[in-house]
1. Output the residues belonging to region A:178-198 that are within 18 Å of B:Gly324 (Cβ to Cβ) and basic (Lys, Arg).
2. If a residue must be touching a Lys or Arg at 6+ places or on another chain (Cβ under 8 Å) and either at the interface with another protein chain (Cβ under 7 Å from one of its Cβ atoms) or of a type in the set (Lys, Arg) (or both), how many such residues does region C:173-191 contain?
3. If I go through region D:164-185 residue by residue, how many of them are in a helix (DSSP H, G or I) and touching a His at 6+ places or on another chain (Cβ under 8 Å)?
4. Hey, among B:Glu80, B:Glu102, which residue is touching an Asp or Glu at 6+ places or on another chain (Cβ under 8 Å) and open to solvent by 20 Å² or more (accessible area, probe 1.4 Å)?
5. When the residues of region B:138-163 are narrowed to those that are part of a loop (DSSP other than H, G, I, E, B) and over 20 Å from the mean Cα position of the chain (by Cα), which ends up surrounded by the most Cβ atoms within 10 Å (Cβ to Cβ)?
6. Being touching a residue at least 24 places away in the same chain (Cβ under 8 Å), among the charged types (D, E, K, R) and touching a strand residue (DSSP E or B) at 6+ places or on another chain (Cβ under 8 Å) is the requirement here; does B:Asp267 meet it?
7. Can you say whether B:Gly269 is assigned to a strand (DSSP E or B), at pLDDT 95 or above and surrounded by 24 or more Cβ atoms within 10 Å (Cβ to Cβ), as far as the supplied structure shows?
8. Tell me which residues, restricted to region B:3-36, are open to solvent by less than 70 Å² (accessible area, probe 1.4 Å) and of a type in the set (Gly, Ala, Ser).
Protein chains: 4
Amino acid sequence: MNYSEVLKNARENLNGSCKVCAVCNGKACAGQVPGMGGKGTGEAFTVNVEALAKRKINMRVIHNASNPDTTIELFGKKMELPVFAAPVSGTTLNMGGKYTEEEYISWVIGGCLDGGIYPMVGDTAVDSFLITNLEQVKKFDGEGVAIIKPWENNNVIKKIKLAEEAGVFAVGMDIDGAGLITLALHGKPVEPKTVEQIKEIVESTKLPFILKGIMTVDEALLAVEAGVDAIVVSNHGGRVLDQTPGVAEVLPAIAEAVKGKVTILADGGVRNGVDVLKMIALGADAVLIGRPFVTASFGGQREGVKTYIDNIKGELKSAMVLTGCKSIKDIDSRVLF
Amino acid sequence: MNYSEVLKNARENLNGSCKVCAVCNGKACAGQVPGMGGKGTGEAFTVNVEALAKRKINMRVIHNASNPDTTIELFGKKMELPVFAAPVSGTTLNMGGKYTEEEYISWVIGGCLDGGIYPMVGDTAVDSFLITNLEQVKKFDGEGVAIIKPWENNNVIKKIKLAEEAGVFAVGMDIDGAGLITLALHGKPVEPKTVEQIKEIVESTKLPFILKGIMTVDEALLAVEAGVDAIVVSNHGGRVLDQTPGVAEVLPAIAEAVKGKVTILADGGVRNGVDVLKMIALGADAVLIGRPFVTASFGGQREGVKTYIDNIKGELKSAMVLTGCKSIKDIDSRVLF
Amino acid sequence: MNYSEVLKNARENLNGSCKVCAVCNGKACAGQVPGMGGKGTGEAFTVNVEALAKRKINMRVIHNASNPDTTIELFGKKMELPVFAAPVSGTTLNMGGKYTEEEYISWVIGGCLDGGIYPMVGDTAVDSFLITNLEQVKKFDGEGVAIIKPWENNNVIKKIKLAEEAGVFAVGMDIDGAGLITLALHGKPVEPKTVEQIKEIVESTKLPFILKGIMTVDEALLAVEAGVDAIVVSNHGGRVLDQTPGVAEVLPAIAEAVKGKVTILADGGVRNGVDVLKMIALGADAVLIGRPFVTASFGGQREGVKTYIDNIKGELKSAMVLTGCKSIKDIDSRVLF
Amino acid sequence: MNYSEVLKNARENLNGSCKVCAVCNGKACAGQVPGMGGKGTGEAFTVNVEALAKRKINMRVIHNASNPDTTIELFGKKMELPVFAAPVSGTTLNMGGKYTEEEYISWVIGGCLDGGIYPMVGDTAVDSFLITNLEQVKKFDGEGVAIIKPWENNNVIKKIKLAEEAGVFAVGMDIDGAGLITLALHGKPVEPKTVEQIKEIVESTKLPFILKGIMTVDEALLAVEAGVDAIVVSNHGGRVLDQTPGVAEVLPAIAEAVKGKVTILADGGVRNGVDVLKMIALGADAVLIGRPFVTASFGGQREGVKTYIDNIKGELKSAMVLTGCKSIKDIDSRVLF
């Protein structure tokens, strides 16, 4: 199965919920929430892709980096390349409903492990989705990460316990879910969190804790103060707040402030191996990729997910040769034009 | 009735005078005056939308602003959110003629009051439109604002008296109507005004007086000198002078010069709650929204107008959560990227 | 006859040589030389329009400029507005051939005089065109300007004599025609000119002499040194050299260097009264307009040309009201945002 | 045969592998590798064209450069204009397969020589292509340059010997081919090279040696250190690494660092004579043109190639007149706006 076939099948299997465009940039699906788009004008999605595209890289060919090493170690795990599948859930609501949540996420998890990387699984307004996701992680020996919505603290902590029971090796919270003000009307309020509230959550678990949804330097510093192990620089794929800047725009200043104090993951608009290289060069330790894993899972199941990961790895390795980087830690601002 | 239905109906009821585009940005209707477009190239309309879109906002999630207050008080009135319906009239000429001026404006007024905000009503070359608009305001207990064209001073003052009789709680003048040089040929000249002329008008009424059509710092200072209570930073939706900058571009410098000395209203390209947040962050005390109220009224009558307002309020509140603003006065330049 | 009708007819009468686009910006006709387009990529045409569009203007309404005066005096002539019809010839080659050179130019000349402005007429590789153009100018009592190609000096001087005999009140040379290297193969070489050569031409006539085709400060200073009365800042509508900057981009520096020492005319992308205002604000004393006069002449003959001029005048006057300029000399950089 | 006919025929003969767009800018063919496109998003191809288009040139007409000399001498050869046909091979894979490699390259070589310039011929994963290319060069008395892929050094040196036997007057290596990591799987690894490795190659031949694929100042300096005779500033037409900057963007700094120490050739997005002028003004000694020679060869065979060269020469000469450059060495940064 090659990647063109995966995309062709995905176009069909997603039932119009995603057009599987030549470049996945948020234009065709602008405003489609539910669906795969960015919220409102959709520009907080498109800006992620554009912010990355604006950064160009220096090709270098006079060196001896002929066989670069793409692997990293994070949260005690060896990874073939510095990429996580981002937590994306809600097959019924967002992905056209052809496949169940169980099918979809099992293919993502299996394909990631086949490809030598790890999946993150997500949480939504509907409680059962997290349950399903955790069941699948458990079937794969807990080889994944669970990201919980910012419910009231006691609920967050309860759900972290569920994730621990599923055997995950790290947990986190996508705190930018706090803008879903309508959930309060249904008795399930989400909320922004103070440093103290985050501390309480961090201290509730022995697992590495990831805070997802940081877009400013000041909040990156607060995250460090709250004791998290990693932050995800992310605007939630443009799905919670219209009109944010792109992740690649805010990442360098955040990295300058907290690099080394906390693991920095970047999530926004990454589509291929060159994008991975750019995000690392901009200061990330690793990246999250979201929508393309939906396409890969719907278009080629477990094998499609692995195919996509292999593609990224090949692109990353070739890009490392052509920028003179022998290992992931060699990728720095010298790579950027 | 949801907002998608409102838009769908509006597309039909506006008889092609407005295409009700996915993003109301002045491109499809460029040059359509009469009609809903911007004058000439239409770029003074499109630039309003683009100038706002260029400004991006900082998402923040580590704080305790979980239930922000969107209300303000202005001209002695409590408002659910810092938004006025802008004065837009001329159903026959500009909006396809399916509904009468009376129908259209009564839905705008009623819907605004249902939604907890206030309408401004307008004045045109045809005298009867102002009469109709004021009659409707009177039916709603004067809960609105009348904006008069810059006729010769004695005529302006006469029309202000008519507005007072209708019970409005504030009056104003859209002084940028002065460019309609053909009105002089029909014996109804409009004109720019000197500070002295504006003073005479301001002193003719005890109501708060709003000067609409300020686009430079120097004229904002002259407006203060003339004793107005509020200015509207506005290029008249791009309908009087082609090729001005966007309102969001000129607003910050104007706010820096006169903030606190006069109420600052911003009018240009605001479409949703995030746009409201941006304008406040750029220095406005409140905003005016124009064309979307035409769409809402033609597409869903009084209920459509309320639906639109509720939408904006929800978006604004969610955006305040995700930028850490507990109240409207907390929204400042820290929100801007 | 209104201007929409003129455009509609022009679309038909130009036989596809010009599409009469909503905005005449050089995109649809890119590369069509012969034809109405810019040379090569066409970007030296489009850049003229874009460079003007980029400059925005300050709307001002607190003043007493309610009835501005659009007239100027130039070359001893009173003009209703600071606009010349640019020299454009070659009906057969460039304009689809429906009307003869004689018809086309007689309508331009007559319409200009009806509208209170003056035409420039041009010269091409085919000698007869200049003859025809001068015959028509003569019929209208010499109320026009002749612009000669940069032939070898003795030929330029001969043609200037022909123009004098036709009674023109000024002459000039579009020196940027020097790039037509193929003319040399046909025994009619054109050439760039040294300061001395230009001096010889200037001294050959008692008429005011206009040097058309200046795009740099250094050459504006050389033109002054050569003793010309006026320069035209022009890239020949993008028809001689691909990839120049836009006229509105180079004009301010040129004006700063030679304003007052020589009359400055600007020619590039002007379409309407607001564009005229911008060019004056950028430093021009008056402007040339090219392609729109072809459209007006082909679409409405002499009356079409007058209609177009009246439109520009109305737009200019309205724009002067809304920028607070009582006369053309009041239009300065304060108008520019 | 005129160039329009060449393009028309090419559109047919390329069997859809190239759409022969009005402007050859990499948009229609984005990602088509194999094919004629740029790799991945295709933006490393499009950026070459855009980077050139962004630079504008100063038109000058007051001077005596009426008959400029477009010739240069390079590698001991007199050239009618400072242009090489870039090495492009792979008819079967990339160009639709209608013509054989032998036909295609013989037309390029013959047409170049007819037009007074020289061709470079290339090397690919399939050994036979280089053989065919060299056979053709030999038939034309070795009047060409061979560019070898960065195989392991002994293989590069072997292939240089083959080129010498064919009689070429210069050889080179497109070192940016090093990113083709899949070739290693087929037992034919390519690799980046250290300065020492490059030195070994340079010293293996008495012919002038050209290093193609330099995009940074530091590597231009390393190339000088390695003793090469010329560098080609090139991103391989965007076909090896997505997301590089454009050649015209990196060229000025490279020229500033090594001009005079090594011959500087520029390869990226050059389409016409004005582009040639720009590249020279940005610091190149001569340019390479790639895809347009494919179009010319497929569309008009040997005569089509000559026609294209004649066009460029005419455009260059006309542009030199209009920028006041009497010879190629007169073209400097003063030409650039």
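The values are calculated or read from the model by the stated rules, or taken from the named source; none is laboratory data. None of the values given here were measured: they were computed from a predicted structure. Neighbour counts are summed over all protein chains in view; Cβ atoms, including those assigned to glycine, are modelled from backbone coordinates with ideal geometry. Only protein heavy atoms, including side chains, enter the accessible area calculation; ligands, DNA and RNA are left aside. Shrake-Rupley method; radii C 1.70, N 1.55, O 1.52, S 1.80 Å.
1. Listed by number, the list holds a single entry, A:Lys193.
2. Summing the residues that are touching a Lys or Arg at 6+ places or on another chain (Cβ under 8 Å) and either at the interface with another protein chain (Cβ under 7 Å from one of its Cβ atoms) or of a type in the set (Lys, Arg) (or both) in region C:173-191 gives 4.
3. Count: 2.
4. Of the residues listed, the single one that is touching an Asp or Glu at 6+ places or on another chain (Cβ under 8 Å) and open to solvent by 20 Å² or more (accessible area, probe 1.4 Å) is B:Glu102.
5. So, considering only residues that are part of a loop (DSSP other than H, G, I, E, B) and over 20 Å from the mean Cα position of the chain (by Cα), the one surrounded by the most Cβ atoms within 10 Å (Cβ to Cβ) is B:Glu152.
6. yes
7. no
8. Matches in region B:3-36: B:Ala10, B:Gly16, B:Ser17, B:Gly26, B:Ala28, B:Ala30, B:Gly31, B:Gly35.
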